[in-house]
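One structure is given here, and the rest of the page talks about it.
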Amino acid sequence: MPTVDLASSPLRELNGALHRLTPSTNETHWTVTNPRGQHNIAVGLDFPVEIEIDGHVGYYCAGMNKQARVTVCGNAGQGVAENMMSGRVHVTGDASQAAGASGNGGLLVIDGNASARCGISMKGIDIVVKGSVGHLSAFMAQAGKLVVLGDAGEALGDSIYEAQLFVRGSVASLGADCIEKPLKDEHKTELKRLLDEAGVEGVSPDEFKRYGSARKLYHFHIDNVGSY
Amino acid sequence: MSAQDRWIHTPPRKSATFDDAAIAEIRRAAATGIYDIRGAGAKRKLPHFDDLLFLGASISRYPLEGYREKCATDVVIGARFAKKPIHLKIPITIAGMSFGALSGPAKEALGRGASAVGTSTTTGDGGMTPEERGHSDLLVYQVLPSRYGMNPDDLRKADAIEVVVGQGAKPGGGGMLLGQKITERVAGMRRLPVGIDQRSACRHPDWTGPDDLEIKIQELREITDWQIPIYVKVGASRPYYDIALAVKSGADAIVLDGMQGGTAATQDVFIENVGLPTMCAIPPAVKALQDLGMHRKVQLIVSGGIRNGADVAKCLALGADAVAIGTAALIALGDNDPALEAEYQKLGTTAGAYDDWHEGRDPAGITTQDPLLAARLDPVIAGRKLANYLSVMTLEAQTIARACGKSHVHNLEPEDLVALTMESAAMARVPLAGTNWIPGSNI
């Protein structure tokens, strides 16, 4: 179980070593210490490895992740798990702006709050935020699910496509073309699965409201220009 | 008719302000209630490379022998940080154009043509297709604000990465690929419903400003293990500052796209009224690089309205390292071919003017996703035409460079140029022809 101390070891060595992992490796559980807010830790991974980062991280931690399970024991800076393809990224603290931006797959779990634009441009990633999310979250969200146990800021789901949003608390306002939709049984089943995967206990899917696209802006029409 | 009768009314006189195009647009707007969207770049008359001339050699300079003495054209791009910089045999590359905006055969043809002459082609909004990768020896992978089709596997397959901040046809604007072109394959690559109008964002989702961009570039370098070059593409608007900030952000190379540069689909008012002409954007960009001690270290690739080897040579003389072509490459493939005039007429246009690329009805099979239309384009033949055209441009640039006594096209310099108009002299920062006067240089 390798431990990499980023106080003494360059980031390049860590990322390079993680990129060189092969299926025959026994080094499937890594610990990273003293991240001290460094950017781009554990980016571009493509191997089913466990990474535990003990401390706060900067921008783009676990960016473009595939297969790996990355846990940040602390807060994460901007764009955590951006463009993630698969795997799991878990932030035990809060996350800054654009968490999970343009993610295509996998699961991002944030135990605390996420700032503005959480899930912006998401393309299939699932995101569970146990706290609240900031304004313009799920902006132009295309696919995937954003689950918010707390509140959502202004303009939630602005210009949303086919992503599904579930919010347990209040929503400050909905963005253009985002509307509340019925929470049907199939949604509850999916929501329950995501809550379980995120380790959320004692919360029922019935406590959520579902939001998605009104699909009125899918084709540009002059009658809709007042929407934006 | 008596002279008096003849002159009782003045002859019809059309307004220079309300010319035919302006009147037609007012009528079109009044009839439809919506602005005009079209492809291609600015069509208005702009200060351009035609306003510059090379001086050639004489007694004070001596030329190289045409057809005999070597004039090199190779370019290395991305040696600032990348372990594997791009080596181009010619200083002309193919600009980013998406699969989606262009058909599969068109993308393949671009790859074939570029590869045949040792240069690169570039993906676009919507990701990388296997055909494109397979037929492009050197492929630049764009990271765009929409992140459509963005994935790390393709990132690692690329020979270079281009972070697109803006485009000359629409600096500050995103895009709208209309539903007619969002076929099942295009939609699948972009994770969108089939047939909807697809908006391409104008801002990146996860960074804002040069400090963020620096971190973003570092992320891309980490993911690709610092192997391949990273370009930054900007539309020409404030080139001095944008180029300086791109250098500061860690770019290996910068693509500067002027307003004659094409687009797949943008509002006409945007194309014609926002941004700078290519020619006048180059000097401030080069000045920024020189001020930072980065000229020729961070390569400058210029695009927007490049048509022939003279344009290439003029860009290089002004300080660019290479150029990129888009519209011209499509014409070389067969876009706007007069042989298709009857079909253009049916579309309400004429060969040479067809620009409704967003509608997906291109009879040449290039700017379409209609399988029947796309099948009209033979990628082998079209690729050969593009290769021919690129070769001719290169020969033309070499011809001019030799006449100026240069053994490498990069040895062309502003001193080789003069301008035909005061405007172009001021913009290109070269003397007005026959004088030693550069307007504004002594102020």
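Throughout, read-outs are computed from the coordinates displayed, never taken from laboratory work. Please read all numbers here as calculations on a predicted model, not as lab measurements. Every residue, glycine among them, receives a Cβ derived from its backbone with ideal geometry; neighbour counts consider all protein chains shown.
Here the Debye sum runs over all C-alpha atoms of region B:37-428 as equal scatterers in vacuum, and log10 of I(q)/I(0) at q = 0.06, 0.07, 0.11 Å⁻¹ comes out as -0.21, -0.28, -0.72.
Placing +1 on each Lys and Arg Cβ and -1 on each Asp and Glu Cβ, with no other charges, gives the protein assembly as shown a dipole about its Cα centre of roughly 840 debye. Amide H contacts for A:Gln164 (H built 1.01 Å from N in the peptide plane; partners 5 or more residues away or on another chain; cut-off under 5 Å): A:Gly144, A:Lys145, A:Leu146. Peptides B:56-62, B:261-267 ranked from most to least packed, by the mean per-residue count of other Cβ atoms within 10 Å: B:261-267, B:56-62.
Peptides B:381-388, A:42-49, B:150-157 ordered by packing proxy, namely the average of other Cβ atoms within 10 Å per residue, highest first: A:42-49, B:381-388, B:150-157. Taking 0.36 nm per residue of separation and subtracting the Cα-Cα distance, full extension of the segment from B:Asp153 to B:Leu55 would add 30.4 nm. For the peptide B:196-206, the mean number of other protein chain Cβ atoms found within 10 angstrom of a residue's Cβ is 6.
Ranking of B:Leu177, B:Leu138 by neighbouring Cβ atoms within 10 Å, starting from the fewest: B:Leu138, B:Leu177.
Residue exposure proxy: B:Leu420, B:Leu256, B:Leu330, ordered by other Cβ atoms within 10 angstrom of their Cβ from fewest to most, comes out as B:Leu420, B:Leu330, B:Leu256.
The distance separating the Cα centre of region B:375-443 from that of region B:206-221 comes to 34 Å.
Take each residue of peptide B:143-149, count the partner chain Cβ atoms within 10 Å of its Cβ, and average: the result is 4.
Once the Cα atoms are used to define both axes, helix A:185-197 deviates from the longest principal axis of chain A by about 20 degrees. Summarising the label geometry, the points placed 7 Å from Cα in the beta-carbon direction at A:Lys209 and B:Ile26 lie 4.9 nm from one another. What lysines sit close enough to A:Lys181 to cross-link, taking a C-alpha to C-alpha distance under 18 Å and skipping anything fewer than 8 places away on the same chain? Result set, ordered by chain and number: A:Lys145, A:Lys192, A:Lys209, A:Lys216.
Backbone phi angles across region B:138-152, fed through the Karplus curve with coefficients 6.51, -1.76 and 1.60 (θ = phi - 60°), yield HN-Hα couplings of 10, 10, 9, 9, 7, 10, 10, x, 5, 6, 5, x, 6, 8, x Hz in residue order; Gly and Pro are listed as x. Sorted ascending by nearby beta carbons within 10 Å, beginning with the fewest, A:Thr25, B:Thr123 become A:Thr25, B:Thr123. Here the sum of -39500 (n - 2.57) over DSSP H runs of 4 or more residues, divided by the residues of chain B, equals -10000 deg cm²/dmol at 222 nm, to the nearest 500.
Placing a pseudo-label 7 Å from each Cα along the Cα-to-Cβ vector at B:Val380 and B:Ala72 gives an inter-label distance of 3.6 nm. Once backbone amide H atoms are built at 1.01 Å from N, B:Gln142 has B:Thr123, B:Gly124, B:Glu162 as its partners under 5 Å, excluding neighbours fewer than 5 places away on the same chain. For region A:56-87 versus region B:60-135, the inter-centroid distance based on Cα atoms is 35 Å. Between B:Lys43 and B:Gln345, the FRET efficiency estimated from the beta carbon spacing at R0 = 25 angstrom works out to 0.80. Considering only DSSP beta bridges with both partners in the protein assembly as shown, what is the antiparallel share in %, to the nearest 5? Rounded to the nearest five, the antiparallel share is 20 percent. Shape analysis of region A:123-228 based on the Cα gyration tensor places the equivalent ellipsoid semi-axes at 25, 14, 11 Å, largest first.
Comparing A:Asn224, B:Thr73, A:Gly131 along the charge dipole axis of the protein assembly as shown, the residue lying farthest to the positive side is B:Thr73, per the Cβ-charge model.
Residues in region B:106-120 carry Karplus couplings, in order, of 5, 5, 4, 4, 4, x, 4, x, 5, 5, 4, 10, x, 10, 9 Hz; the curve used is 6.51 cos²θ - 1.76 cosθ + 1.60 with θ = phi - 60°, and Gly or Pro positions show x. Database remark: amide H of A:Phe47 closer than 5 angstrom to the amide H of A:Lys66, A:Ala68 (H placed geometrically; neighbours at sequence offset of 5 or more, or on other chains; Pro and chain starts carry no H). Counting only DSSP beta bridges with both residues in region B:37-428, tell me the antiparallel percent, nearest 5. If I count the DSSP bridges inside region B:37-428, around 30 percent turn out antiparallel.
Simple rule: put +1 on each Lys or Arg Cβ and -1 on each Asp or Glu Cβ in region B:90-211, find the dipole, and look at B:Met128, B:Leu177, B:Gly96; the Cα lying farthest toward the positive end is B:Leu177. Karplus-based coupling profile of region B:362-369, in residue order and whole Hz: 4, x, 7, x, 9, 9, 8, 10, with θ = phi - 60° in 6.51 cos²θ - 1.76 cosθ + 1.60 and x standing for Gly or Pro.
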